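See structure below.
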Amino acid sequence: MKFAGFFLSVLAFFVFVTTGHGQADETLVLALSFDDGQGDTAKDSSQYGFDASIQGPQWVDGKFNKALEFDGVDDFVEVADAPELRLLNGATIMVWGFIRPGGHASWPRFIHKADTTGGTGGWEVLLDRALGDAVRVCVGGACNSFVPLSSETWHHVAVTFDETTIKVYVEGEQAGEIPQPGPSVDTPDLSVIIGNSFNGQRQYQGIIDEVKVWSRALDANEIKMQMNLSVKDTITAVDPRSRVTATWAEIKNQ
């Protein structure tokens, strides 16, 4: 009987591996844990491999494991353009940020893919210093500032848009929404910039960790769940193939 149970477990294991279970979430288009801890490249854990170039930020302890600290002067992280990152049909953008008071006096950027700093192109998540470091979002010309964030502490910020509505979440709770008047503006040949803007003039001071971008709008329950997951945990959750080794070990121990 024990042998029969083992055989069935092995059979189930190979069915799991070979029948489509464990396929990666294709809508997760960027997943930067910043857990590399050294060097000038940050690995993208999504299936697309859009690794990021680190231009100045320093490795520090983060919300989950390691992160990058930006000096508010000229630091930035760059991810080269790709069609999947243009987010023309909806998206979710989320980051953990530890905000410091330096950097640009008005509009420091968390993350930005646009050809202007005026909010009329592409997509951007930034801070509005005039309103107490309020989260500000711009998508295709629709901009609005929401709940203010305190300095010298961690905050989770998530933004979703679906061609109809733009929503902002802070610490996993919806902080507001505005209509999306039209599709996001296409941004070919423009990189994703983290901690600054395309022209280097919207500098962010502080730490950024766990950058995740989907090409769909996550719902409120997904936002709350993802807030508490590191990139590594997100990949495990959406791609159970990452548990194959552990599962095989469990079977052998039966």
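Readers should treat all values here as calculations from the given coordinates under stated rules, not as data from a laboratory. Model, not experiment: these values are computed from the prediction. Note that we place each Cβ from the backbone using ideal geometry, even for glycine, and neighbour counts take in every protein chain shown.
Suppose each label sits 7 Å from its Cα in the direction of the beta carbon; what would the Ser151-Gln201 distance come out to in nanometres?
2.4 nm
Please give the per residue volume of the convex hull enclosing the alpha carbon atoms of region 24-236, rounded to a whole number of Å³. Working shown, then result.
Values: hull volume 20.8 nm³, N = 213.
Cα convex hull per residue, to the nearest whole number: 98 Å³.
Compute the label zone of Glu177 within region 134-161: residues whose backbone N is under 11 Å from the point 7 Å along Cα-to-Cβ.
Residues 160-161 qualify, since their backbone N sits under 11 Å from the label point.
Taking region 24-236, how many lysine pairs are there with alpha carbons less than 13 Å apart, if each pair must be eight or more places apart or span two chains?
On the way: Lys43/Lys66; Lys43/Lys212; Lys43/Lys232; Lys63/Lys232; Lys66/Lys232; Lys212/Lys232.
Taking the Cα cut-off of 13 Å, the pair count is 6.
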